[in-house]
């Protein structure tokens, strides 16, 4: 982080001073990853300026791969078409497909017409699958050999593969029908007698995914089995490509961020610094409407209760703390539940245990809350019944809040919806509605006021 | 996920029926990772039963490495001491240190006395560093060679290293003083003439961390530069060990979960299914006290306002929706800010842009909210002034909410506190306090009621 900010500062300073050759030197000694990260913090004019000062084509291609929007938009708008195609050609094919997928539609069509040969085919393969599936993130190349190949021949084959396969994690082994039947490692090749055929040194129990597997499931498999790459196979178990662990790392970071965003009802608004205000508002508004509708119903519950008893004003004064506590307890329970579901920790039959436990936590906090707030209310208003009403409602409210917080994400999962989807607004609004109705009902019973329901 | 639940079901069924040999077969054909995952969902007696049926020692060691608490507690309590030491000896040294660190203190001391040789030293090296530092998660071994070694010699050295280095990602190159000066790959060894010395084929620009680097920073570097392993060096640039990407994947998953938990004020309560109710309550309670204190202050604000005007009851009816909307908008802004900070997206000087943007989103949502709710209030109570009071307050409330939601995590970061730390409760309580005071002040001004402040 610190080094990126230093780089940003240096670029800004040099750009302002027009110190072109110093800027060029700074850029030449920076890594492509850092230049791309720095671009996130630069103005469009500076993004262009920096990119033009990159002399190494490999670095320029890498920067293009890594720069986020709107940096990429600025760059492609500014790049001559021929240069863009040339840089795309230097990328790994999965990165190439990724950049092409992010281009404006018209440009994407032109680029697809311009690229050629194997690359074009591979890019088309990737683009044919949804972005968040194994097919959409795979590299459609993998080092593969027939099962009868010997270790010596395999090493020789490796020597010939200078270009395409930047990182070879595993050597995939196919049978004569071209089906994936095993996997072995570079190290195994080196540590067995040269004449050994691969089928004798391969592991046959290969974990693989299909191209339509969701990227989150791919990440889960790679992480669970500590793999460096996972093969993607078709229905006949023919090898289509591999997903490598560095891409999985990106998936895990994205998915975790996404869960958090979804839960707060923010959608995929993580590119917070770039998107427009109206665009962000549109993404977040639907979940606020949930709260808004709930709030209007609550105001009606208040109205039913509008009988002019003096106790009402006192009770109303405790509505914010009831809502606040209920909301927080509910969000705590919901967060626990969402993370547990996401991390595969809620088993069949384990949901009941989770609900019981969270309700227990809610009850315990409710008792604490009731003691403090009930005492406060009784002393402040000199009326033990007021204290009792507040205390009783507090216990009920927090137990309900914890239960609702647990049930909403569990119900979403049961319905096949991502449990993180706006769990926050649903939970708080649900708790407000149930909790306040209970609060007023219980309080009016204790304080001998007319019932509201 | 699905396959784990199937395994859990199968184990439960076979255990209930006492079908020992069928259970043994099921376990024999399951992966260690799946057995460990399944144990999370089993009762202690079943955890023991399953572990006793594992016949392969390597698998047993792997299960022990991967099983979470309380599974590990159940197993070590039940395992004969000699067997435990024997299984620890089969583990990779970083896993061994990790398991030892999780043992009850007395047992840990006995185990440390019992293990021997190089392993003991390595485990001590790891345990000397905090759990969440590079030193605490590193493997204190790495494949290293002198810079004058030729490719041929390097390959020969690799042949000899059968045991220790399960996965060789990079070959680290040292100078005569034992300092890390370069890095190369297995593939480079194979694709250069055998007599080439490593110093001619190595990259000299090695990214490295020190043992006290925080694991989150390690993860960030590995992810930013797409590394498979990152070397850990001391102040003299001597190689102490490596952190591999599979461990980094675990760090990223943990840290993301941690941020979400911290934000909701749940602490490290992710082991939700195992911990006790009282223990969980203790972790979550402090942040509720923030809400509780805020709520008591709010009830006093209400009291200042308790002048008996009929409009009060109507206004009070809108308090829940004000609080609910404010809370949701605030949490949305806070979540955006926390994730942006965590993902290094907030640059120096970028905070102002973020605040401006979030306040803009709040204002936009406020205008929408004001139109709907103001119209509703005006029509429902036949009083345009009531509508105006609600609408004006709504705009102010949501703009304030979005600003507070952005400022709280930014302020926490400035203070050197993890921005996720209970941002949720602070944000909602802060918004309730500021928002309701503004609400009542504005409403009483518009409705010509006596001012409350």
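Adding -39500 (n - 2.57) for every DSSP H run of four residues or longer, then dividing by how many residues the protein assembly as shown holds, sets the calculated 222 nm ellipticity at -21500 deg cm²/dmol. First check a/c for the range B:82-129, with a ≥ b ≥ c the square roots of the eigenvalues of its C-alpha gyration tensor; if it is under 1.5, answer rounded, and if not, answer prolate when a/b is larger than b/c or oblate otherwise. Because its axes are fairly even, with a/c under 1.5, the range B:82-129 counts as rounded. Give the angle, between 0 and 90 degrees and rounded to the nearest 10, that separates the Cα long axis of helix B:350-381 from the longest principal axis of the Cα atoms of chain B. So the helix axis and the longest Cα principal axis differ by about 40 degrees. With label points set 7 Å from Cα along Cα→Cβ, the inter-copy distances at residue A:279 are 4.6 nm, sorted shortest first. Cβ-Cβ distance of residue A:191 and residue B:25, R₀ of 51 Å, FRET efficiency by 1/(1 + (r/R0)^6): the value works out to about 0.95. Each of B:26, A:375 has some number of other Cβ atoms within 10 Å of its Cβ, and from fewest to most they run A:375, B:26.
Among A:73-85, B:218-230, how do they line up from the highest to the lowest mean number of other beta-carbon atoms within 10 Å? If you can, show how the numbers build up before the last one.
Values: A:73-85: 15.5, B:218-230: 21.3.
With the highest mean Cβ count within 10 Å placed first, the list reads B:218-230, A:73-85.
Counted over the protein assembly as shown, the DSSP beta bridges are approximately 80% antiparallel. Exposure proxy ranking for A:59, B:47, based on other Cβ atoms within 10 angstrom of each Cβ and starting from the fewest, stands as A:59, B:47.
Using a/c under 1.5 as the rounded threshold, could you call the range A:277-446 rounded, prolate or oblate? The axes a ≥ b ≥ c are square roots of the C-alpha gyration tensor eigenvalues, and prolate needs a/b larger than b/c, oblate otherwise. Could you put the intermediate results ahead of the total?
On the way: a/c = 2.62, a/b = 1.47, b/c = 1.78.
Oblate.
In this assembly of identical copies, the label point of residue A:112 (Cα plus 7 Å along Cα-to-Cβ) is separated from its counterparts by 6.2 nm, sorted shortest first.
Across identical copies of the chain, residue A:21 has label-point separations of 8.6 nm, listed in ascending order, with the point defined 7 angstrom from Cα along Cα→Cβ. Looking at the square roots a ≥ b ≥ c of the eigenvalues of the Cα gyration tensor of the protein assembly as shown, which shape do they give, rounded for a/c under 1.5, prolate if a/b is larger than b/c, or oblate? Cα axes put the protein assembly as shown in the prolate bin.
Per residue of B:333-339, other chain Cβ atoms within 10 Å of the residue Cβ number 6 on average.
When you look at the Cβ of every residue in A:150-159, what mean number of other chain Cβ atoms sits within 10 Å?
Partner Cβ neighbours, averaged per residue: 1.
Quick one: angle between helix A:215-224 and the longest Cα principal axis of chain A, in degrees between 0 and 90, rounded to 10, please. Orientation of helix A:215-224: about 80 degrees from the principal axis.
The residue A:159 and residue B:293 beta-carbon pair, evaluated with R₀ = 60 Å, returns a calculated FRET efficiency of approximately 0.25. Modelled this way, with points 7 Å down the Cα-to-C-beta line, the labels at residue A:205 and residue B:217 are 4.0 nm from one another. Ordered by the number of other Cβ atoms lying within 10 Å of each residue's own Cβ, fewest first, B:195, B:393, B:280, B:133 fall into the sequence B:195, B:133, B:280, B:393. Relative to the longest principal axis of chain B, what angle (0 to 90°, nearest 10) does the C-alpha long axis of helix B:423-446 take? The angle comes out near 10 degrees.
Here, each number is a calculation from the coordinates, and none is a lab measurement. Everything numeric in this text was worked out from a predicted model, so none of it was measured. Glycine also receives a Cβ, built like all others from the backbone with ideal geometry; neighbour counts cover every protein chain displayed.
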